[in-house]
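The values are calculated or read from the model by the stated rules, or taken from the named source; none is laboratory data. All values reported here derive from a predicted model rather than from experimental measurement. Positions of Cβ are generated from backbone atoms using ideal geometry, with glycine treated the same way; all protein chains shown enter the neighbour counts. In case anyone asks, the SASA skips ligands and DNA or RNA and just uses the protein heavy atoms, side chains included. Shrake-Rupley method; radii C 1.70, N 1.55, O 1.52, S 1.80 Å.
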Amino acid sequence: MASIKDVAAEAGVSVATVSRVLNDHPSVSPAARATVLAAVETLGYRPNAVARSLRTDQTRTLGLVISDVLNPYFTELARSVEEEARALGYSVIIGNADERPELQDHHVRTLLDRRIDGLLVSPTDGSSPLMLDTARAGTPMVFVDRWIPGMDVPVVRADGRTAIHNLVTHLHALGHRRLAIIAGPAATTTGSERVAAFREALQEYGLPLPDAYIGQGDFQAASGRRVTEEFLDLPEPPEVVFAADNLMALGALDAIRARGMRVPDDIALAAFDDIAWFVHTDPPITAIAQPTPELGRAAVRALVDRIEGRPPQSVTLPARLVVRQSCGEPVPPQPSPPPHSSPQRSNT
């Protein structure tokens, strides 16, 4: 493997000049810079990132702690974070909290020990002393998707309130009156916010939300199945189950099918967090879509602004309702096939 001395010999310059080029020092002439970079390319030289970090006190590395890597929403979010970070010259180390606060804090400590330049977190709860201590210590940090109220940390998230209101309006127009929700953990901002938005939208139409129609889930498929079974056992089951995330919606679908029931003939189903799979279920699931790639990119830009001394900005993007056929919507007409034409005979 080529060393910095090999690059200097190839370029016919001093080691100090090579170092200045690699660190983008303005004192190097354009000609010398071009010669050194050509030598770097020829030899395939790669700077020692650890040694550079000791000199510059930067590792060009970001930490990302997501709530559940098995959730397709967070998988897509992590991908967009990694792509944007790479475009800005940073690498990303990812930790999966698996919706467990203690595992979240473990990953945060590990990332800080690795001297990351900044931290992106989707908190699993709203009461982590470690998160507060990390922010107070001056570590550049941005919350993405979820946040901890009261902390002076930029937040990049989607606003689902309008989309949830649009969903309730849509369901009401279809004639549904008994609407239930599988809620996420109340300790998360997204869990509590989605229930509040659902309740407010129902109140606008004079529809009740009895306690029996609020099932406590944990953003995991098993909880979606359990809560839906409880709904179906009620003397008066709901007409619609709204799952506050995609995995709980899949669990709800499993519970409905296990009873030999059909969506939407026997019960309707809608979800928060649209995923590609929902197009392929039978019927396709009506869902609220978050602008996931845009959230990931905006979160990285906000964090890099903080790292590089620019004032970071919180960002709120709108979610939107995607109407399909799982709530009794009319099936869109299929395009007619082209008319059959017989081959023409030749007169020859």
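Results for (1) open to solvent by less than 70 Å² (accessible area, probe 1.4 Å); (2) within 20 Å of the chain's Cα centre (by Cα); (3) at pLDDT 95 or above; (4) within 21 Å of Thr162 (Cβ to Cβ), shown as yes or no for each residue.
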{"residue": "Val227", "(1), (2), (3), (4)": "yes, no, yes, no"}
{"residue": "Pro238", "(1), (2), (3), (4)": "yes, no, yes, no"}
{"residue": "Asp282", "(1), (2), (3), (4)": "no, no, no, no"}
{"residue": "Ile288", "(1), (2), (3), (4)": "yes, yes, yes, yes"}
{"residue": "Arg324", "(1), (2), (3), (4)": "yes, no, yes, yes"}
Got a number for residues in region 177-225 being farther than 30 Å from Val331 by Cβ, of a type in the set (A, V, I, L, M, F, W, C) and open to solvent by 10 Å² or more (accessible area, probe 1.4 Å)?
7
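Quick grid of which residues meet (1) touching a Ser or Thr at 6+ places or on another chain (Cβ under 6 Å); (2) acidic (Asp, Glu); (3) open to solvent by 30 Å² or more (accessible area, probe 1.4 Å):
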{"position": "Arg115", "(1), (2), (3)": "yes, no, yes"}
{"position": "Val121", "(1), (2), (3)": "no, no, no"}
{"position": "Ser128", "(1), (2), (3)": "no, no, no"}
{"position": "Ala135", "(1), (2), (3)": "no, no, yes"}
{"position": "Gly150", "(1), (2), (3)": "no, no, yes"}
{"position": "Ala163", "(1), (2), (3)": "no, no, no"}
{"position": "Thr169", "(1), (2), (3)": "no, no, yes"}
Could you tell me which of the residues Leu247, Leu303, Leu295 is under 24 Å from Ser67 (Cα atoms) and open to solvent by 10 Å² or more (accessible area, probe 1.4 Å)?
Leu247
Subset of region 217-254 [assigned to a loop (DSSP other than H, G, I, E, B) and at negative phi]:
Gly217, Asp218, Gln220, Asp233, Leu234, Pro235, Glu236, Pro237, Pro238, Glu239, Ala244, Asp245
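Here's the yes/no breakdown for (1) at positive phi; (2) surrounded by fewer than 18 Cβ atoms within 10 Å (Cβ to Cβ):
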position: Glu84; (1), (2): no, no
position: Leu88; (1), (2): no, yes
position: Arg109; (1), (2): no, yes
position: Asn166; (1), (2): no, yes
position: Gly175; (1), (2): yes, yes
Ala186 is checked against (1) modelled with pLDDT of 95 or more; (2) closer than 23 Å to Thr292 by Cα and fails just one. What number does that condition carry?
(1)
Considering (1) assigned to a helix (DSSP H, G or I); (2) in contact with a Gly (Cβ under 6 Å, 6 or more places away or on another chain), say which one Ala187 fails and leave the rest.
(1)
Flag for Ala270 being of a type in the set (A, V, I, L, M, F, W, C), assigned to a helix (DSSP H, G or I) and closer than 25 Å to Leu317 by Cβ:
no
Condition first: part of a helix (DSSP H, G or I), at pLDDT 95 or above and not aliphatic (A, V, I, L, M). Can you find one or more residues in region 258-267 that meet it?
no
Residues of region 176-212 being more than 13 Å from Phe272 (Cβ to Cβ), in contact with a Lys or Arg (Cβ under 7 Å, 6 or more places away or on another chain) and not β-branched (Val, Ile, Thr), which ones?
Leu207, Leu209
May I ask you to list pairs of residues, at least six apart or on different chains, whose Cβ atoms are under 9 Å apart, with the first in region 212-235 being within 12 Å of Leu253 (Cβ to Cβ) and in contact (Cβ under 8 Å) with a residue 24 or more places away in the chain and the second being assigned to a helix (DSSP H, G or I) and charged (D, E, K, R)?
Ala221/Asp254; Gly224/Asp254; Arg225/Asp254; Thr228/Asp254
What pairs come up if the first residue lies in region 300-323 and is without any contact (Cβ under 8 Å) to a residue 24 or more places away in the chain, the second is not in a loop (DSSP other than H, G, I, E, B), and their beta carbons are under 7 Å apart, counting only those six or more places apart or on different chains?
Pro311/Asp305
